[in-house]
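Asker: Take this structure first; my questions come after.
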Amino acid sequence: QVQLVESGGGLVQPGGSLRLSCAASGFTFSNSDVKWVRQAPGKEREVVAIITRIGIVNIADSVKGRFTISRDNSKATVSLQMNRLKTDDTAVYYCNARTMTFSNYWGQGTQVTVSS
């Protein structure tokens, strides 16, 4: 059974940090490109970070310099380190994995709320 399980969300004050994790199972994670996507109320879905199966990283301009993405294929996990958080970062964050055979998997999402 394919699963992507996000964790690490929560409430944080502006300027604070959170680390999101995405744990994968049921498919060949190491052959997958993985991205973090966020959805805020009333806003379009936004891809914030991508890490390919060979480790190429792309970070959205809106979070560049504040967010970093990394993966550990031995543990089938991807992390999103979020620093200097802003209220505009408030959203549900989803993990997405796309395999070499173009299967597409989504996690259930984790809420990040940045508020004083």
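Asker: May I ask for the net charge around Lys86, where only other residues with Cβ less than 15 Å from the Cβ of Lys86 are counted and Lys, Arg are +1 while Asp, Glu are -1? If you can, show how the numbers build up before the last one.
Answerer: Values: positive: Arg38, Lys43, Lys64, Arg66, Arg84; negative: Glu46, Asp61, Asp88, Asp89.
Value of the local net charge: +1.
Asker: From largest accessible area down, sort Leu11, Leu85; use a 1.4 Å probe on the protein chains. Don't skip to the answer; put the middle values down first.
Answerer: Details: Leu11 130, Leu85 5 Å².
Order by accessible area, largest first: Leu11, Leu85.
Asker: In addition: Please give the solvent-accessible surface of Met82 in Å², to the nearest 10, using a probe radius of 1.4 Å with every protein chain present.
Answerer: Accessible area, nearest 10 Å²: 0 Å².
Asker: Local charge sum around Ala97 (other residues, Cβ-Cβ under 9 Å, Lys/Arg +1, Asp/Glu -1)? The partial results should precede the final answer.
Answerer: Values: positive: Lys35, Arg98; negative: Asp33.
Charge balance in the 9 Å sphere: +1.
Asker: Under a Cβ-Cβ cut-off of 12 Å, what is the net charge of the residues other than Val114 that fall near it, where Lys and Arg count +1 and Asp and Glu count -1?
Answerer: Working: positive: Arg38, Arg66, Arg84, Lys86; negative: Asp88, Asp89.
Computed value for this residue: +2.
Asker: When ligands, DNA and RNA are left out and all protein chains stay put, how many square angstrom of accessible area per residue does the chain have with a 1.4 Å probe?
Answerer: Per residue, the chain has 53 Å² of solvent-accessible surface.
Asker: Mean separation of Cα pairs under 8 Å and 6+ residues apart, divided by the residue count of the range 39-116: what relative contact order is that in percent? Mind showing how you got there, number by number?
Answerer: Working: 97 pairs, mean separation 17.1, N = 78.
Once normalised by length, the contact order is 22 percent.
Asker: Please report, in debye to the nearest 20, how large the charge dipole of the chain is about its Cα centre when each Lys and Arg carries +1 at its beta carbon and each Asp and Glu carries -1 there. Display every interim value, and only then the final one.
Answerer: Values: 13 positive and 8 negative charges, 30 e Å.
Magnitude of the dipole: close to 140 debye.
Asker: At 1.4 Å probe size, what's the solvent-accessible area of Thr101? Round to the nearest 10 Å².
Answerer: Ignoring ligands and nucleic acids, Thr101 comes out at about 110 Å².
Asker: Further question: Hey, any idea what % of the chain's accessible area is carbon plus sulfur with a 1.4 Å probe?
Answerer: Numbers: 2950 of 6170 Å².
Roughly 48 percent, rounded to a whole number.
Asker: Let me ask something else about it. With a cap of 15 neighbouring Cβ atoms within 10 Å, and only residues DSSP puts in a loop, list the GluC sites (Glu not before Pro) found in the range 1-74.
Answerer: Numbers: sites: Glu6, Glu44, Glu46; in loops: Glu44.
The qualifying sites are Glu44.
Asker: Let me ask something else. For Lys75, what accessible area in Å² do you get when you roll a 1.4 Å probe over the heavy atoms of the protein chains, rounding to the nearest 10?
Answerer: Around 140 Å² of this residue is reachable by solvent.
The values are calculated or read from the model by the stated rules, or taken from the named source; none is laboratory data. No experiment lies behind these values; they were computed from the predicted model shown. Neighbour counts run over all protein chains shown; Cβ positions are idealised from the backbone, glycine included. Only protein heavy atoms, including side chains, enter the accessible area calculation; ligands, DNA and RNA are left aside. Shrake-Rupley method; radii C 1.70, N 1.55, O 1.52, S 1.80 Å.
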